[in-house]
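Just below is one structure, and these are the notes that go with it.
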Amino acid sequence: MIPGIGTLTQDTLWCFSQVKGTIEIGVTEADIISTVEFNHTGELLATGDKGGRVVIFQREQESKNQVHRRGEYNVYSTFQSHEPEFDYLKSLEIEEKINKIRWLPQQNAAYFLLSTNDKTVKLWKVSERDKRPEGYNLKDEEGRLRDPATITTLRVPVLRPMDLMVEATPRRVFANAHTYHINSISVNSDYETYMSADDLRINLWNFEITNQSFNIVDIKPANMEELTEVITAAEFHPHHCNSFVYSSSKGTIRLCDMRASALCDRHSKFFEEPEDPSNRSFFSEIISSISDVKFSHSGRYIMTRDYLTVKVWDLNMENRPIETYQVHDYLRSKLCSLYENDCIFDKFECVWNGSDSVIMTGSYNNFFRMFDRNTKRDVTLEASRENSKPRAILKPRKVCVGGKRRKDEISVDSLDFSKKILHTAWHPSENIIAVAATNNLYIFQDKVN
Amino acid sequence: MFQDLVTANLAAKGTMVGGLKRKHSDLEEEEEVEKWDWGPAGLRSYQQALLRISLDKVQRSLGPRAPSLRRHVLIHNTLQQLQAALCLAPAPTLPPEPLFLGEEDFSLSATIGSILRELETSMDETEPPQNPVAPPGPQNEVLPQPDPVFLEALSSRYLGDSGLDDFFLDIDTSAVEKEPALAPPEPPHNLFCAPGSWEWNELDHIMEIILGS
């Protein structure tokens with residue numbers, strides 16, 4: 001076991017590192033964070049929000065003077081990725097909310113990421129400029145054109161240093177390919193293609209081509225009245241560029257092989273756990289709907305999140321998951337209330353740590369949960385301003401389900417269901433996590449001894 | 001939210017309850033659940049309350065933004081389960097192909113499909129069939145003519161107009177007017193029910209939801 005790569009032993013203590021965002025009581029809806037993603041090295045951390053903005057944080061170089069404090073994340077670039085649109089044909093608003101951000105692996109000095117709203121995917125290039133050319137012949141210092149008749153000598157423009165500027169430019173816009181709402185994007189391991197998935201279809205794109213895409217999955221029935229199932233998430237296999245998975249609102253996962261046929265309507269593997277008859281209710285289907293699916297870094301496992309649990313599946317076993325973790329089972333008796341107030345439709349994401357030994361997902365009351373797959377230990381932590389002193393160790397939280405409530409416990413009925421942790425991210429190689437709590441982004445690190 | 005179910009439970013026990021207004025209340029204390037009567041009447045009221053909540057959600061899903069298809073499908077599937085559990089008549093075969101409105105017509109046709117099914121089946125509920133009748137097939141479809149009208153009315157609302165006032169005015173009531181007073185009308189064809197009956201209250205409430213009042 002490599003020290004520093006996440007394991008959740010009893011020695012792992014999580015500390016507050018930073019929080020980004022305002023502490024105002026009233027939350028501006030546009031500031032609500034809707035996606036969080038580290039890049040492949042962990043140097044950059046991107047967030048997208050409901051207002052269509054992307055904010056990228058960069059980790060500062062570790063200081064020799066402060067060895068106990070690992071590099072902090074500071075704002076590197078902010079740009080407006082998507083704007084609200086109006087579909088005049090159907091008289092419908094198209095939200096600018098960023099549903100997902102996915103980074104491309106870095107191949108040169110610039111950084112590339114994909115960001116998407118409900119309808120349009122964009123490829124952004126983020127690059128630094130620290131020099132500018134000076135001494136143009138045909139333009140003056142303000143950029144105005146000179147009258148060629150006044151030019152008597154020629155000179156070679158020179159590059160002079162300038163203050164660092166980070167520019168974000170849209171390099172590709174992939175539009176008009178989705179009738180329904182895009183829920184996922186995933187970059188293929190070939191780094192030449194990516195897929196975008198909406199409720200009923202999945203399209204395959206080449207990064208260079210914006211005016212066409214291949215439809216690889218289509219579950220739209222001939223008669224929309226017969227629709228009973230939608231696609232909820234999709235992801236490419238991390239190493240096999242021909243394989244991908246997609247999950248459904250009925251709690252199933254399909255693994256598809258693009259080599260088998262052009263339209264992957266027939267799955268290679270079908271993952272579904274038989275229903276537990278003792279737990280059956282009117283809400284069984286809703287709570288089985290998978291809100292997120294993620295391959296492990298190794299590519300051997302997939303993890304799925306439904307309303308009450310996180311499950312780990314072995315790709316070689318289709319009939320049931322190999323591990324099931326209860327996120328907040330105390331909500332099982334509250335499903336009717338949660339149906340009425342719509343919380344039952346909340347879509348929580350889930351993430352693996354770098355070594356695939358620990359998984360993390362969010363809950364309500366700004367709680368988030370971690371499960372160690374090896375030791376079977378789990379912990380509940382809270383993202384709150386009260387625990388926001390620098391390097392303050394996070395205290396494990398506990399929900400009291402009945403009977404006598406202990407001093408530090410919180411009862412189920414006191415949980416704040418408006419404070420939901422839907423989006424989290426784990427640094428690819430270190431124990432650094434980013435947790436989005438409405439309009440605030442918390443960064444936690446494990447305690448460096 | 002349990003306030004809603006408690007209200008429904010009281011109604012089931014015969015207690016007079018004025019207009020069953022929906023409330024978006026916070027989660028209630030756990031004690032409320034323990035007062036709940038889980039006998040057959042209580043269970044039925046629970047299911048009916050869920051039905052009301054579900055219908056309200058379907059109605060609220062129409063708006064300036066395209067509704068979430070996932071949410072809509074999940075609610076629709078839940079509605080079908082509730083229908084089955086309430087032992088209602090099997091849902092009639094689907095209304096004829098609605099007006100083509102483009103890809104987004106799914107929400108209208110499916111919404112209407114479910115609203116129509118609930119309207120029909122809720123009225124069907126406690127009427128003992130006097131004459132054995134075959135389950136209505138496509139030819140006996142209760143509202144084939146008003147169907148496009150429903151669509152147009154809802155679509156105009158969907159597109160931002162408030163044309164819902166005309167919603168029920170265009171219903172073809174000729175079949176009802178011709179019904180002889182003596183023979184009990186076939187429930188699916190009768191748009192009227194006795195005021196004060198359970199069906200009346202149910203229909204009244206459903207219409208409130210649909211008209212958004």
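Taking the range A:251-279 as the range and being within 14 Å of chain B (Cβ to nearest Cβ) and either touching a residue at least 60 places away in the same chain (Cβ under 8 Å) or over 25 Å from the mean Cα position of the chain (by Cα) (or both) as the test, only A:Glu275 passes.
Scanning the range B:41-67 for residues that are facing chain A (nearest Cβ under 7 Å) and either surrounded by fewer than 18 Cβ atoms within 10 Å (Cβ to Cβ) or more than 18 Å from A:Asp199 (Cα to Cα) (or both) yields B:Leu50, B:Ile53, B:Pro64, B:Arg65. Applying the condition of being open to solvent by 70 Å² or more (accessible area, probe 1.4 Å) and farther than 17 Å from A:Asn316 by Cβ to the range A:280-300 and asking which residue is farthest from the other protein chains (Cβ to nearest Cβ) yields A:His297. Determine if the range A:363-381 includes at least one residue that is at pLDDT below 95, within 14 Å of chain B (Cβ to nearest Cβ), open to solvent by less than 20 Å² (accessible area, probe 1.4 Å) and not in a loop (DSSP other than H, G, I, E, B). The answer is no; no qualifying residue exists.
When the range A:75-119 is filtered for residues that are within 21 Å of the chain's Cα centre (by Cα), over 21 Å from A:Val173 (Cβ atoms) and open to solvent by less than 60 Å² (accessible area, probe 1.4 Å), the ones remaining, listed by number, are A:Tyr76, A:Pro105.
Filtering the range A:22-63 to residues that are in contact with a helix residue (DSSP H, G or I) (Cβ under 7 Å, 6 or more places away or on another chain) and of a type outside the set (Asp, Glu) leaves A:Ile23, A:Lys50, A:Gly51. Considering each of A:Val166, A:Val158, A:Val173, A:Val187 in turn, give the residue that is loosely packed, with under 13 Cβ neighbours inside 10 Å and closer than 30 Å to A:Ile98 by Cβ. When all the criteria are applied, what remains is A:Val173. Which one is surrounded by the most Cβ atoms within 10 Å (Cβ to Cβ) among residues in the range A:20-58 that are farther than 22 Å from A:Asn117 by Cβ and of a type in the set (Ser, Thr, Tyr)? Applying the filter and picking the extreme gives A:Thr41. Within the range A:220-247, the set of residues being surrounded by fewer than 21 Cβ atoms within 10 Å (Cβ to Cβ) and not in a loop (DSSP other than H, G, I, E, B) comprises A:Met224, A:Glu225, A:Glu226.
Within the range A:162-211, track down each residue that is within 14 Å of chain B (Cβ to nearest Cβ) and charged (D, E, K, R). A:Asp198, A:Asp199, A:Arg201 - these are the residues of the range A:162-211 that are within 14 Å of chain B (Cβ to nearest Cβ) and charged (D, E, K, R). Inside the range A:205-224, can you point out the residues that are closer than 26 Å to A:Phe282 by Cβ and either touching a residue at least 12 places away in the same chain (Cβ under 8 Å) or touching a Ser or Thr at 6+ places or on another chain (Cβ under 6 Å) (or both)? Once the filter is applied, which keeps residues that are closer than 26 Å to A:Phe282 by Cβ and either touching a residue at least 12 places away in the same chain (Cβ under 8 Å) or touching a Ser or Thr at 6+ places or on another chain (Cβ under 6 Å) (or both), the range A:205-224 yields only A:Ile219.
Within the range A:403-415, the set of residues being assigned to a loop (DSSP other than H, G, I, E, B) and open to solvent by 50 Å² or more (accessible area, probe 1.4 Å) comprises A:Gly403, A:Lys404, A:Arg405, A:Arg406, A:Lys407, A:Asp408.
The set of residues in the range A:139-155 that are open to solvent by 80 Å² or more (accessible area, probe 1.4 Å) and assigned to a strand (DSSP E or B) contains only A:Leu145. Screening the candidates A:Leu227, A:Leu159, A:Leu154 for the property of being aliphatic (A, V, I, L, M), away from chain B (no Cβ under 14 Å) and in contact with a Lys or Arg (Cβ under 9 Å, 6 or more places away or on another chain) yields one hit, A:Leu159. Among the residues of this structure, A:Lys131 does not count as one that is closer than 30 Å to A:Met224 by Cα and open to solvent by 30 Å² or more (accessible area, probe 1.4 Å). Quick check on my filter: what residues within the range A:303-352 are within 13 Å of another protein chain (Cβ to nearest Cβ), in a loop (DSSP other than H, G, I, E, B) and open to solvent by less than 20 Å² (accessible area, probe 1.4 Å)? Matches in the range A:303-352: A:Asp306, A:Tyr307.
The values are calculated or read from the model by the stated rules, or taken from the named source; none is laboratory data. Bear in mind the structure is a predicted one, so any value in this text is a computation, not a measurement. Cβ coordinates were reconstructed from backbone atoms using ideal geometry, including for glycine residues, and neighbour counts include every protein chain displayed. Heavy atoms of the whole protein, side chains included, go into the accessibility calculation; ligands, DNA and RNA do not. Shrake-Rupley method; radii C 1.70, N 1.55, O 1.52, S 1.80 Å.
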